[in-house]
Amino acid sequence: MKACFIGLGYIGLPTAIIAAKNGIKIIGVDINPSVVEKTNKGELHIIEPGMEELLKEVVANGQLKASTTPEVADAYFIVVPTPFKGDHQPDISYVESATRAILPLLKEGDLYVIESTSPVGTTETMTNLIFEIRPELKGNIYIAYCPERVLPGNVIYELVHNDRVIGGIDAASTDKAIEFYRQFVKGKLHKTNCKTAEMCKLVENASRDVQIAFANELSLICDKADINVWKLIELANKHPRVNILQPGCGVGGHCIAVDPYFITAEFPMEANIIASARKINNYKSFYCSERVKNAMLEFELKNNRKPVVAMMGLAFKPNIDDLRESPAKEIVMKVMQKCNNADILIVEPNIIKHKVFKLTDYIAAYEQADIVVMLVAHAEFNTLPYDDSKMILDFCGIYK
Ligand code: SAJ
């Protein structure tokens, strides 16, 4: 069988590679010619451990080819970005243009699947578009929505072993999609309808955002109550049915910080907890930057000189090098705007150098700093002894 993947990004390319590895002929399509060129040379344009060897193998044996234009296939997968426009209003124009691009190629018996995180109802909207332009396909092709839930950095394992939710526009479409994914997914494939599958993806990440917001709200309360929030959570979690997550300097990444807005945009009156969680997690980054600025003022008043400040961590979560939508990066920028950059040492152990930030080694920065701001719980920072001659602002529990 031949499958056409539209969108060779963080999800599309790894999924295409794993499918190719399992004997499915793949045409991978991307609008970015350099992505197509690199892919056809067996070079990965994203960072994902172990993925490049697999890409080289499937390109070399002809199982996977990349192109800027789609080709006739038996199954088509839409895995393009669904960004926001305006005030967090979902934009499905890439999904629509990808669908229009493959519309002329669709034939009886084909499978069409959307994997992109989408507002509820998108699959039905695309179904109406397909049958409006190609009415003869009505009832003769299979249409489904199948969200991904892989953790960046662990994609190869999770693409194969995670359960997946498969939502068809009808039972036959669900079964047809399951038949495809069964070729390389060892996890359970759970049947549902397309709207439930769309909402499932959003709810998975919105639930995590709410849980993190609860932890962040506790950290604000504990700062005011002068309670160690890390010890508090550790004790509360001794309860057999309590699992409070960890406070941080905010919520980053292109999923947890983004997907909840797909729900609040469509259900503004009902999605109160979800909307509040977004506000709390966004406010936490602002709160952290204010705490740093106040500490700097306090130091200057006491010592009659500007402090040296070590900002520890830029990535959006521990032990990765991805700065996309990173609250730590946002806090560093806010603090630098407030004071001349000479006093700020920026640390990111997972990056050698950065085009904007001048980076300092984490040990050197720690030793030189008057104020140490722990933003991201990178493993390296656990080796730094607590030095109470410094002002330490620990937003991520290094010294819990
Ligand atoms: N965070 C906290 N405290 C916590 C956990 C996380 O502050 O206790 C922060 C992290 O520092 C980070 C953000 O939240 O800034 C998101 O972290 P994450 O651990 O949720 O990681 P992601 O965004 O890379 O992955 C999530 C995962 N979704 C869920 O766990 C429900 C992953 O399975 C999804 O596939 C991914 O989003 C996605 O692609 O949707």
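Condition first: under 18 Å from Ala101 (Cα atoms) and not in a helix (DSSP H, G or I). Now tell me which residues in the range 10-35 satisfy that.
Once the filter is applied, which keeps residues that are under 18 Å from Ala101 (Cα atoms) and not in a helix (DSSP H, G or I), the range 10-35 yields Ile26, Ile27, Gly28, Val29, Asp30, Ile31, Asn32.
Return the only residue of Ala60, Ala66, Ala75 being in the same structural domain as Pro14 (by TED's automatic domain parsing), more than 14 Å from Leu8 (Cβ to Cβ) and touching a Leu at 6+ places or on another chain (Cβ under 8 Å).
Unique residue meeting the criteria: Ala75.
Determine if the range 367-377 includes at least one residue that is open to solvent by 20 Å² or more (accessible area, probe 1.4 Å), of a type in the set (A, V, I, L, M) and under 23 Å from the mean Cα position of the chain (by Cα).
yes
Going by what's in this entry, would Ile102 be described as assigned by TED's automatic domain parsing to the domain that holds Val29 and in contact with a Cys (Cβ under 8 Å, 6 or more places away or on another chain)?
It is true that Ile102 is assigned by TED's automatic domain parsing to the domain that holds Val29 and in contact with a Cys (Cβ under 8 Å, 6 or more places away or on another chain).
In this structure, is Asn228 surrounded by fewer than 22 Cβ atoms within 10 Å (Cβ to Cβ) and within 30 Å of Pro49 (Cβ to Cβ)?
no
Go through the range 144-179 and report how many residues are assigned to a helix (DSSP H, G or I), aliphatic (A, V, I, L, M) and without any contact (Cβ under 8 Å) to a residue 24 or more places away in the chain. Steps first, answer last, please.
Quick first cut of the range 144-179, residues assigned to a helix (DSSP H, G or I) only: 155-161, 171-179.
Now restrict to residues that are aliphatic (A, V, I, L, M): 155-156, 159-160, 171-172, 177-178.
Then drop every residue that is not without any contact (Cβ under 8 Å) to a residue 24 or more places away in the chain, which leaves 171, 178.
Residues in the range 144-179 being assigned to a helix (DSSP H, G or I), aliphatic (A, V, I, L, M) and without any contact (Cβ under 8 Å) to a residue 24 or more places away in the chain: 2 in total.
Thr123: under 28 Å from the mean Cα position of the chain (by Cα), in contact (Cβ under 8 Å) with a residue 12 or more places away in the chain and either over 26 Å from Pro83 (Cα atoms) or open to solvent by 20 Å² or more (accessible area, probe 1.4 Å) (or both), yes or no?
No: the conditions fail for Thr123.
State all residues of the range 244-302 that are part of a helix (DSSP H, G or I), in contact with a strand residue (DSSP E or B) (Cβ under 9 Å, 6 or more places away or on another chain) and not basic (Lys, Arg); if no residue qualifies, say none. Show your work before the answer.
Residues of the range 244-302 part of a helix (DSSP H, G or I): 260-266, 272-302.
With the extra rule that they be in contact with a strand residue (DSSP E or B) (Cβ under 9 Å, 6 or more places away or on another chain), the set shrinks to 261-262, 265-266, 288, 291-292, 295-296, 298-299.
Residues satisfying the conditions are Tyr261, Phe262, Ala265, Glu266, Cys288, Val292, Ala295, Met296, Glu298, Phe299.
The values are calculated or read from the model by the stated rules, or taken from the named source; none is laboratory data. It should be emphasised that the depicted structure is a prediction, and the values quoted were computed from it without experimental measurement. Note that we place each Cβ from the backbone using ideal geometry, even for glycine, and neighbour counts take in every protein chain shown. These area figures cover heavy atoms from the full protein model, side chains too; ligands, DNA and RNA do not enter into them. Shrake-Rupley method; radii C 1.70, N 1.55, O 1.52, S 1.80 Å.
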